[in-house]
Amino acid sequence: MLEVRGLVAGYGGGEVLHGIDLVVNEGEGVIVLGPNGHGKTTLLRAITGLLPPRAGQVLLDGKDITHWRADAIAAAGVIHIPQGDLLFAEMTVTENLLMGAYHGPTWSERSARLGRVYELFPWLKQRGGQLARTLSGGERRMLALGRGLMSKARLLLIDEPSLGLAPITTQQIYASIHKVKQGGLSLLIADENANHVAGLADRVYLLETGSLVREGPADDLLRDKALLESYLG
Amino acid sequence: MSTQLVQAIWGGVLFGSVYGLMALGLTLVWGAVRLLNLAHGAIFVVGSYVAYFVVSRLNLPILVALPIGVLAAAAFAYLMHLTFIRPVIGKPGFDNSTLIATVGISIAVSAAAILIFDPQYKVIPPVIAGNFTVSDVQITKQGLLVIGTSLALFGLVYLFLTYTRQGMAIRAVSQQQEAASLMSIPVVRTYGLVIAISGALAGLAGVLLSPFFFLNPNSGFNPMIQALIVTIFGGLGSVRGALVAGFVLGIFESFVEVFYGVAWAQPGVFLLIILMLIVRPNGLFGIGEVRRL
């Protein structure tokens, strides 16, 4: 459903991504593995319109969305859970979630989605009236995920789901992403830890200094400890 | 109650609601768009002149002229957004270029008002004529209308921002613009909406206030300066701050004026603001950079 061809992107004078080719098929869980600072975040930002690519194409169901605005790409169902969560700090948990469904049709449809997200994260329901800025790191990540799931997402892009989280929270986060995947959503996850994503991945790309250096089925790549060690350290 | 006291309270509440009404538009635009709109007074003037035109040249009643003036002000503000604001959004130098552009618009509007009409003071009839006296103080019904309208609009804007999808989107954009666009909220269109709403508020203030102050090509200037002071006092970007600060400053100014003389009113207001800003540099309800609407 998503196809990236020869994507080049960067900031200012520097080029971060040097021609990325990547595919995510319907219902597939694709992981981009790479160490910090090698372009994972830049890749997701360039796909979802936050950073205009310098060259290359992003296709959604064969349609060229390379130069669409971020809000139009989101409305098309490509939902990006950004690094740092970027919550609406002075809005309540519930308000944050409702904003995730901005593109939703009716209040009733929105409350149905709210119910589904509460089922996944019962904790969010108890904290509905709390301001987002008062949440802990793990709670913020759950809210960021929940907010993304409030949309009519077809493809979820998640930037380092476990960044900065305690091990126990990390487990919870990946468990809920697993449930989301079982619901049929396609995933593109950028991560630096191969162990975390093992259960989610169908296919894996290895990203090194702005280029994809290996691609293959998760079962092969993630089992190759020597290879992973040499890339991720 | 003594005449002086009634005079001070009435004048204060009336000024306060006027300041608040103007400040509401300014603070909304600052909060959401980070635009210091120095054309706010010019938009006030556009609304009043359009209403004046409808009343005096087309001979229609003021109740017809009022909504036309408000719509014209909103349309003018939106046009300003399309021509001068939108092209520089997200570009370096946004602050300076919009500041200069809005000052330029103000100058152009007052020149246009002189060219199209003339420099003479104009009179717009009140929406409700008549008055009554309380302890020898004249209470105009138009004054009561202004106070009621201002309070009602604060309530409406609050409800809009808190409970509607569009209003929540405005807050979202003001707090985390990048996340807002990832939630499929069209950021630039939301800016346009806020600027148009702010323009409508300025136009309404213009039409309702002109019976008190008369209308001339620069009559938006003083209300805008007062609104700026109120906005800074209340905290830039805070709706609640604009309401509270409008009344605090209006009533304070009125009491100083009645009991110590007109000459002390403005110095007194500035002294109060300086003291307040020493204690709370971000204004009464200002929360610095993070929290806005």
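Here are a few things to note about the model shown:
- Odd one out for A:Glu109, checked against (1) acidic (Asp, Glu); (2) closer than 20 Å to A:Arg154 by Cα; (3) more than 13 Å from chain B (Cβ to nearest Cβ): (3)
- Evaluation of A:Ile168 against (1) within 30 Å of A:Ala76 (Cβ to Cβ); (2) assigned to a helix (DSSP H, G or I) (one fails), failing number: (1)
- Screening B:Gln176 on (1) without any contact (Cβ under 8 Å) to a residue 40 or more places away in the chain; (2) more than 30 Å from B:Ser2 (Cα to Cα); (3) touching a strand residue (DSSP E or B) at 6+ places or on another chain (Cβ under 7 Å) shows it passes everything except condition (3).
- B:Ile128 vs. criteria in contact with a Phe, Trp or Tyr (Cβ under 8 Å, 6 or more places away or on another chain) and either open to solvent by 70 Å² or more (accessible area, probe 1.4 Å) or in a loop (DSSP other than H, G, I, E, B) (or both): no
- Pairs where the first residue, in region B:31-48, is more than 15 Å from B:Pro223 (Cα to Cα) and the second is open to solvent by 10 Å² or more (accessible area, probe 1.4 Å) and modelled with pLDDT of 95 or more, C-beta under 7 Å, 6+ apart: B:Ala32/B:Tyr191; B:Val33/B:Tyr191
- The residues of region A:184-233 that are touching a Phe, Trp or Tyr at 6+ places or on another chain (Cβ under 6 Å), open to solvent by 40 Å² or more (accessible area, probe 1.4 Å) and not in a helix (DSSP H, G or I), listed by number, are A:Leu212, A:Glu215.
- Residue ranges of helices (runs of 4 or more DSSP H) in region A:1-114 with at least 2 members touching a helix residue (DSSP H, G or I) at 6+ places or on another chain (Cβ under 8 Å), within 30 Å of A:Gln130 (Cβ to Cβ) and open to solvent by 20 Å² or more (accessible area, probe 1.4 Å): A:93-100
- Of all residue pairs spaced 6 or more apart or on separate chains, those with beta-carbon atoms under 7 Å, a first member in region A:39-66 that is among the acidic types (Asp, Glu) and a second member that is assigned to a strand (DSSP E or B) are A:Asp64/A:Gln57.
- Residue among B:Ala42, B:Ala8, B:Ala51, B:Ala32 that alone is within 24 Å of B:Arg86 (Cβ to Cβ), over 12 Å from the mean Cα position of the chain (by Cα) and part of a helix (DSSP H, G or I): B:Ala32
The values are calculated or read from the model by the stated rules, or taken from the named source; none is laboratory data. All values reported here derive from a predicted model rather than from experimental measurement. Neighbour counts are summed over all protein chains in view; Cβ atoms, including those assigned to glycine, are modelled from backbone coordinates with ideal geometry. Ligands, DNA and RNA are excluded from the accessible area calculation, which covers all protein heavy atoms including side chains. Shrake-Rupley method; radii C 1.70, N 1.55, O 1.52, S 1.80 Å.
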